[in-house]
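The values are calculated or read from the model by the stated rules, or taken from the named source; none is laboratory data. Since this is a predicted model, take the numbers as computed values, not measurements. When we count neighbours, we look across all protein chains shown, and the Cβ atoms used for this are built from the backbone with ideal geometry, even at glycine. Surface accessibility is based on the protein's heavy atoms, side chains included, excluding ligands, DNA and RNA. Shrake-Rupley method; radii C 1.70, N 1.55, O 1.52, S 1.80 Å.
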Amino acid sequence: MANILWGRAAELTAIREMIGKAPERGGTLVFRGGAGIGKSALLKAAEADAAGMRVIHLEGVQAEFRIPFAALHTLATALGDPGLAGPHGDVFQISVPLLAKLAETAAARPLLLLIDDAQWLDGPSWEALAFIARRVTADPVLILMTMRDGEEADARLAGRGLTELRLEPLTEADSSAMLSAHAPDLSVRLRERVLAEAAGNPLGLLELATVARAGDDGLPPAALPLTTRLERAFSAAVVELPAPTRAVLLVAALDEHDALAEILGAATTLAGAPVTVADVDPAIAAGLLATTAGSGYRLRFRHPLVRSAVRQSATLAQRQRGHAALAEVAVDPDRVLWHRALASTSIDEQLADELAGLAGRMRPSLTAAQLWEHAGRLTAAPAQRATRLANAAITAMDNGDSRTAVRLLADIEPQDLPTAARIRLGLAREWIADTGWTGAMRLPGYIDLAEQLRQAGNHEHALSLFGQISPRFYWSNPDPGLRATAVEVLERLDVDDAHQALHTAALGMIAPIERGAVAVERMRALVGRADLDAHHLYMLGTSASGVGALKEATTFAASAVAVLREERLVTWLAQSLINQAWTAAQLGDTVLALTAAAEAQVLATDTQQRQYVMSAILVRAQAEALRGNGEMARTLAEQGEQALLSIGAHTMLAQARTAQGIDALADGRYSEAVDILDTVFDTADVAFHPYIRVFLIAHLAEAAMHSGRPEVARRRIEDLAPVAAVMRSPYLDVALICAGALLAADEEAEEALAGALAHDLTAWPFERARLQLTYGTWLRRRRPAQARPLLRNAAGTLEALGTRPWADRANSELRASGETRRRQDENIDQLTPQELQVARLVAEGLTNREIAARLFLSPRTVGTHLYRIYPKVGISTRAELAGFMARLDQE
């Protein structure tokens, strides 16, 4: 073992440091490099050093790359609970209980999980393990994995945040020393050739030195790549084995499971004669296979190159016969169907229909995407083939697998698709395939197609199409005529009660002004409906926030998030959290806005939803601006702005301007705030947005009041007055009342501010507190005693919301009035977004295990967060934390 670790002192030190800390904390480390560079040897060295730890092995093999959940099944079995990795569960439904099981196992004895060749793990297993790997720091769980360099490794590690150590080729001195130790009898000529061929690759040095002993002719040809030469060297050992043993190797290389009984059964079918355990012995003796005991005997390859060599050296016909043999002996009907599919490369309509039927019965998961794809490959009819491949691409996209979606998109001819699938695929190409933002360009064609569907009597598909394109209407700012046409077609659809929610949501997003009043009325009637599914709740929440029905939006968003958490649908959960965060930000609730947006960003990254990562970043920017964290707000806003500009989504720049303008307002740069915020109202500016301006009018009025430029805000109030009369947006109605009072002339200020506060602003705490602060400031200069209650109430509310700059101003004015008040939120400012989230859930009475399940963490991680929270807020118990959070909410 020591020979192959020449030149790896730094890597061994990193491993030993992690193992030394294992009783207290966990972590993940990825070793990257080319084949044979010594990655697997480092895992063996780690196992040798892991005295007192429980060790579990996983191995990625190319043959199982498309076999869903293969690695997770192995891990769950090793943990003693095979049921954790059900055959067709959602990735994240499996990830959370596996994380909890790992933490539970490690609580008794630190755990070392060794994952070799992770680039060949099946997709769902990789997503789950990457999800887990980022969340084990608080548990005594160490994850060491190796990944072979290549596009697959690059794509899998991009943006994951996992610590990587790249293994470089050995230096000339280390290579020479290693070769001398392993093959001291080589001639000078052979030694030089081996050193040149191996080029610092440790496994190459060992293997080539072995074959070099046969003479110069025994060396692989120089023209072949090193990894190919090594795989051929392994294949040579296979060729000399007896035929029954070769059958065992081929079946084992193709099987997604490693059960010895199943492998022997399939090998018997493949060989046409009985194959027994005795036929496995030659492969074990040759160092190709090993057996392990557990829940039945199992076979595993000693090195991934062996498995790869066996598969690659087999002909296509041999691999097909191997899959056919596995289909005969497998017990699970779905696995039987899968191997039948892999045994076929020609058109097979019946098999394709069975695969499509299985995919249709399953939840929209990555496994379903693979089934749809294979069904498409076996289908002859162009329209049906394209539809199935489109289903595969869309399902992969919904589950965050953008690379698979991009690959499939290239194989689909859009003209072969039915209308609804064509529309969704077109939108997917923009977001996933980086084809650029088309804005309103394609909307006329979409509306024409919707009308064709309506005329053909296919009202449900037409409504589904409108649901898909309605966000584009909201964000692309099409001309009024196009919007009117879309509304006309939408309102002519026959919609039953079951589809009323989607129709209402689409109407509110397509025409927030023209049909806002109708949409709000219908949304209020839909609140509390028990038959709304997660998708309807999400769509209603998004539409309600868009029209300014923030009370209803808050309810819909909370319900959607709760249902999606319960169902572990993490892709949609990320989107719903963004809607929840955006709604909270407009209400000034920075704690909820920040925690929901931060969680959404993590989950959107986990599921590779790049567009939603960008949206989460911009909501975080607004929340940080409201909290007075200017540097962070500006950094996030710039990051989001650059992303928007890179795809040409200029109409969405209003989101970046919102954060930038609020940051200037919070920081007292009032004239700058006016200039930035006013761009969203200016129809000639690239950042103009007809709906986002609704949520900025009060901010603009406050900035204009302080900067001595009230005419700017008054002009925008005049622009919005007719909009409000038609839209009947609850938020806009309140915002205009508040903005008008803030801009009142000095001699009219008292009457205007008192009149505004006389309205019922219970549902609008930030706007009420802003008015109280302004009115209290005006009174403090004239009648200080009357100012104090207003300033005291304003300070308490603004502190509870987390809008620190406004709370500081209220406290400063209160001190100037002759009253001193201790800030209630000063300690909570020190908490991170996830610590804030944990603290809020503690206040709701949830246990650590319940919090862990909700946030996709381990209970130990929750405990670690609490350990850090207590000293930050100056308390020592869970009950005190709950009381502390409750007092903030009551302010």
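Looking across segment 15-38, the residues that are open to solvent by 10 Å² or more (accessible area, probe 1.4 Å) and assigned to a helix (DSSP H, G or I) come down to Arg16, Glu17, Met18, Ile19, Gly20, Lys21. Taking segment 433-516 and the helices (runs of 4 or more DSSP H) fully enclosed by it, the elements with 1 or more residues that are small (Gly, Ala, Ser) and over 23 Å from His535 (Cα atoms) are at 443-455, 480-491.
Within segment 637-668, the set of residues being open to solvent by 10 Å² or more (accessible area, probe 1.4 Å), hydrophobic (A, V, I, L, M, F, W, C) and free of Cβ contacts under 8 Å to residues at least 60 places away in the same chain comprises Ala643, Leu645.
Among the helices (runs of 4 or more DSSP H) confined wholly to segment 781-891, which include 2 or more residues that are at pLDDT 80 or above and within 30 Å of Ser95 (Cα to Cα)? Can you show your working first?
On the way: elements: 784-801, 804-816, 833-843, 848-855, 859-873, 878-890.
Result: 833-843, 848-855, 859-873, 878-890.
Selection of segment 680-719 for residues being surrounded by fewer than 23 Cβ atoms within 10 Å (Cβ to Cβ), of a type in the set (Val, Ile, Thr), touching a residue at least 24 places away in the same chain (Cβ under 8 Å) and outside any helix (DSSP H, G or I) yields only Val686.
Per-residue answers, yes or no, for (1) closer than 29 Å to Ala839 by Cα; (2) among the basic types (Lys, Arg); (3) free of Cβ contacts under 8 Å to residues at least 40 places away in the same chain:
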site	(1), (2), (3)
His499	no, no, yes
Leu502	no, no, yes
Leu507	no, no, yes
Ala517	no, no, no
Met523	no, no, yes
Val561	yes, no, yes
Arg568	yes, yes, no
Ala593	yes, no, yes
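Every condition in (1) part of a helix (DSSP H, G or I); (2) of a type in the set (D, E, K, R); (3) within 33 Å of the chain's Cα centre (by Cα) is met by Arg529 except one, and the failing one is (1).
Rundown of residues vs (1) more than 30 Å from Ile132 (Cβ to Cβ); (2) surrounded by 14 or more Cβ atoms within 10 Å (Cβ to Cβ); (3) within 24 Å of the chain's Cα centre (by Cα); (4) of a type in the set (A, V, I, L, M, F, W, C), yes/no style:
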| site | (1), (2), (3), (4) |
| --- | --- |
| Arg854 | no, yes, yes, no |
| Pro859 | no, yes, yes, no |
| Val862 | no, yes, yes, yes |
| Leu866 | no, yes, no, yes |
| Val873 | no, yes, no, yes |
| Thr877 | yes, no, no, no |
| Ala882 | no, yes, no, yes |
| Met885 | no, yes, no, yes |
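With a requirement of 2 or more residues that are open to solvent by 20 Å² or more (accessible area, probe 1.4 Å), touching a helix residue (DSSP H, G or I) at 6+ places or on another chain (Cβ under 9 Å) and of a type in the set (S, T, N, Q), the helices (runs of 4 or more DSSP H) lying completely within segment 91-200 that satisfy it span 172-182. Of everything listed in (1) at pLDDT below 95; (2) open to solvent by 10 Å² or more (accessible area, probe 1.4 Å), the single unmet condition for Ala484 is (1).
Do the conditions hold for Leu618, that is, is it modelled with pLDDT of 90 or more, more than 17 Å from Gly588 (Cα to Cα) and part of a helix (DSSP H, G or I)? So Leu618 does not fit the description; no.
Given the structure, is Ala525 closer than 16 Å to Ser470 by Cβ and aliphatic (A, V, I, L, M)? Reasoning before the result, please.
Numbers: closer than 16 Å to Ser470 by Cβ: no; aliphatic (A, V, I, L, M): yes.
No.
From the list Leu226, Leu162, Leu167, the lone residue that is closer than 20 Å to Lys39 by Cβ, at pLDDT below 70 and not hydroxyl-bearing (Ser, Thr, Tyr) is Leu226.
Quick check on this structure: which one of Arg307, Arg335, Arg311 is closer than 21 Å to Ser125 by Cβ and either in contact with a strand residue (DSSP E or B) (Cβ under 8 Å, 6 or more places away or on another chain) or outside any helix (DSSP H, G or I) (or both)? Please lay out each step first, then the result.
Numbers: Arg335 fails: either in contact with a strand residue (DSSP E or B) (Cβ under 8 Å, 6 or more places away or on another chain) or outside any helix (DSSP H, G or I) (or both); Arg311 fails: either in contact with a strand residue (DSSP E or B) (Cβ under 8 Å, 6 or more places away or on another chain) or outside any helix (DSSP H, G or I) (or both).
Among Arg307, Arg335, Arg311, only Arg307 is closer than 21 Å to Ser125 by Cβ and either in contact with a strand residue (DSSP E or B) (Cβ under 8 Å, 6 or more places away or on another chain) or outside any helix (DSSP H, G or I) (or both).
Could you tell me whether segment 51-61 includes any residue that is over 30 Å from the mean Cα position of the chain (by Cα), within 16 Å of Met178 (Cβ to Cβ) and among the aliphatic types (A, V, I, L, M)? First the steps, then the outcome.
Of the residues in segment 51-61, the ones over 30 Å from the mean Cα position of the chain (by Cα) are 51-54.
In the following step, the residues that additionally are within 16 Å of Met178 (Cβ to Cβ) were identified as none.
Scanning segment 51-61 turns up no residue that is over 30 Å from the mean Cα position of the chain (by Cα), within 16 Å of Met178 (Cβ to Cβ) and among the aliphatic types (A, V, I, L, M).
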